[in-house]
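Novice: This structure is in structure tokens; I'll ask about it shortly.
The values are calculated or read from the model by the stated rules, or taken from the named source; none is laboratory data. Since this is a predicted model, take the numbers as computed values, not measurements. Glycine gets a Cβ as well: all are built from the backbone with ideal geometry, and neighbour counts include every protein chain shown.
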Amino acid sequence: MKIQIKEMSKKKKILLGIGLAVLIAVIILLIHSCGAENSDSNYEEEGSQVMTATAERMDIYKRETSTGEIKSALEEKKTPHAQYVLEKINVQQGQEVKEGSAILTYTNGQIMEAPYDCVVLEWDLPDLKQKITNDHYVKIAGSHVLMMELSVSENKILEVKKGNPATIKVNATGKKYKGVVSYISDIGEYSDGDSSFTVRVNFDNDGDLKLGMNGKASITLAKAENVIAVPVDAVIENEGTSYVTLQKSDDPTDIEEVEVTTGISDDNNIEIKSGLKEGDVVQYVSSEEEDWEDEEYMDY
């Protein structure tokens, strides 16, 4: 009898263990299922929602933005007067000097003066009291006309043209300056499956900027003034055709798909050349995944 009781006790323990394991597994599955449903529900409610927008007239600017370092637009090596003897170096490397100021003084009392406002970058000069030769030089960089070198992707470089206006915002001062594209490299630099090209933007120094500061330049590639536009998200592309969802009345269910012809975009709004008129209301789904910074640009 004792043996039978022990065997029955063991069987009960095994069955109880199996039952507990099954119960735990069911609870885990239920928790996981509820979590997935809540996640999907939150995504549908928070990740996307139906919005409306009115087609209205505005100015649209298509821009390419990149960061860069401020440099001088003019660097050159100036040759001191050969055969003169060097008396004194009046500046230090990295020092800014005004036009007409003495950079070098010769033993005969003559000077080498700055041809324009500039920064003295470096020099190769003889020792004091030694004669200057044609191999000696002083390298200077103009401090009035500045430039910023930008890196532009191959996908955008063909849209950049010399003379395109640009807005430069300098981090150190917080100021904005008007600039213009002065140079576009014809040779790209390949990296990670993409090529980038150097673009230079020239602008004037107001006296507060120093070489080596950094900032952000935004080049205006194209503009469309006083055109009808809607949010970019409102336009759907399908097999080469663009269309919007037009709300025909105050009833949000009274809708119709309308084909449109689009123009340039500024990443927030897109030009509508045909298919909509001013005041039309369109419906669209907004993902709200991006928090676009409200940039201020200079008018041209």
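Novice: Just name the residue that is surrounded by the fewest Cβ atoms within 10 Å (Cβ to Cβ) out of those in the stretch 163-177 that are more than 19 Å from THR198 (Cα to Cα) and touching a Ser or Thr at 6+ places or on another chain (Cβ under 8 Å).
Specialist: LYS176
Novice: From ASP124, ASP135, ASP186, grab the single residue that is loosely packed, with under 15 Cβ neighbours inside 10 Å and within 26 Å of the chain's Cα centre (by Cα). Spell out how you get there, then give the answer.
Specialist: On the way: ASP124 fails: within 26 Å of the chain's Cα centre (by Cα); ASP135 fails: within 26 Å of the chain's Cα centre (by Cα).
One residue alone meets the criteria, ASP186.
Novice: Which ones in the stretch 109-118 are in a loop (DSSP other than H, G, I, E, B) and surrounded by fewer than 17 Cβ atoms within 10 Å (Cβ to Cβ)?
Specialist: Narrowing the stretch 109-118 to residues in a loop (DSSP other than H, G, I, E, B): 109-110, 114-117.
If the condition is that a residue be in a loop (DSSP other than H, G, I, E, B) and surrounded by fewer than 17 Cβ atoms within 10 Å (Cβ to Cβ), then GLY109, GLN110, PRO115, TYR116 are the ones that fit.
Novice: Test each condition in (1) over 12 Å from PHE203 (Cα atoms); (2) part of a strand (DSSP E or B); (3) without any contact (Cβ under 8 Å) to a residue 24 or more places away in the chain for VAL138 and report the one that comes out false.
Specialist: All conditions pass for VAL138, except number (3).
Novice: Of all residues in the stretch 154-200, which are of a type in the set (Lys, Arg) and either closer than 20 Å to GLY212 by Cβ or in contact with a helix residue (DSSP H, G or I) (Cβ under 6 Å, 6 or more places away or on another chain) (or both)? I'd like the intermediate steps shown before the answer.
Specialist: First, pick out the residues of the stretch 154-200 that are of a type in the set (Lys, Arg): 156, 161-162, 169, 175-176, 178, 200.
The answer is LYS169, LYS175, LYS176, ARG200.
Novice: Test of understanding: among LEU150, LEU121, which residue is closer than 30 Å to ILE184 by Cα, touching a residue at least 60 places away in the same chain (Cβ under 8 Å) and either in contact with a Cys (Cβ under 9 Å, 6 or more places away or on another chain) or not in a helix (DSSP H, G or I) (or both)? Outline the logic, then answer.
Specialist: Values: LEU121 fails: touching a residue at least 60 places away in the same chain (Cβ under 8 Å).
Within the list LEU150, LEU121, the selection yields LEU150.
Novice: Still on this structure: Every residue in the stretch 265-288 that is more than 31 Å from the chain's Cα centre (by Cα), among the acidic types (Asp, Glu) and within 20 Å of THR241 (Cβ to Cβ), please. It would help to see each step written out before you state the result.
Specialist: Step one: filter the stretch 265-288 for residues more than 31 Å from the chain's Cα centre (by Cα), giving 275-281.
Right, trim to among the acidic types (Asp, Glu) and you get 278, 280.
Correct list: ASP280 only.
Novice: Any idea how many residues of the stretch 253-275 are out of contact with any strand residue (DSSP E or B) (no Cβ under 6 Å at 6 or more places or on another chain) and either in a strand (DSSP E or B) or in contact (Cβ under 8 Å) with a residue 12 or more places away in the chain (or both)?
Specialist: Filtering the stretch 253-275 for residues out of contact with any strand residue (DSSP E or B) (no Cβ under 6 Å at 6 or more places or on another chain) gives 253-254, 265, 267-268.
Then drop every residue that is not either in a strand (DSSP E or B) or in contact (Cβ under 8 Å) with a residue 12 or more places away in the chain (or both), which leaves 265, 267-268.
Counting residues in the stretch 253-275 that are out of contact with any strand residue (DSSP E or B) (no Cβ under 6 Å at 6 or more places or on another chain) and either in a strand (DSSP E or B) or in contact (Cβ under 8 Å) with a residue 12 or more places away in the chain (or both) gives 3.
Novice: Given the residues ASN238, ASN226, ASN269, which is the only one that is surrounded by fewer than 19 Cβ atoms within 10 Å (Cβ to Cβ) and either closer than 29 Å to TYR177 by Cβ or in contact with a helix residue (DSSP H, G or I) (Cβ under 8 Å, 6 or more places away or on another chain) (or both)?
Specialist: Numbers: ASN238 fails: either closer than 29 Å to TYR177 by Cβ or in contact with a helix residue (DSSP H, G or I) (Cβ under 8 Å, 6 or more places away or on another chain) (or both); ASN269 fails: surrounded by fewer than 19 Cβ atoms within 10 Å (Cβ to Cβ).
Of the residues listed, the single one that is surrounded by fewer than 19 Cβ atoms within 10 Å (Cβ to Cβ) and either closer than 29 Å to TYR177 by Cβ or in contact with a helix residue (DSSP H, G or I) (Cβ under 8 Å, 6 or more places away or on another chain) (or both) is ASN226.
Novice: Turning to a different aspect of this structure: Does THR105 fit the bill of being among the polar types (S, T, N, Q) and assigned by TED's automatic domain parsing to the domain that holds GLU278?
Specialist: Numbers: among the polar types (S, T, N, Q): yes; assigned by TED's automatic domain parsing to the domain that holds GLU278: no.
For THR105, the condition - among the polar types (S, T, N, Q) and assigned by TED's automatic domain parsing to the domain that holds GLU278 - is not met.
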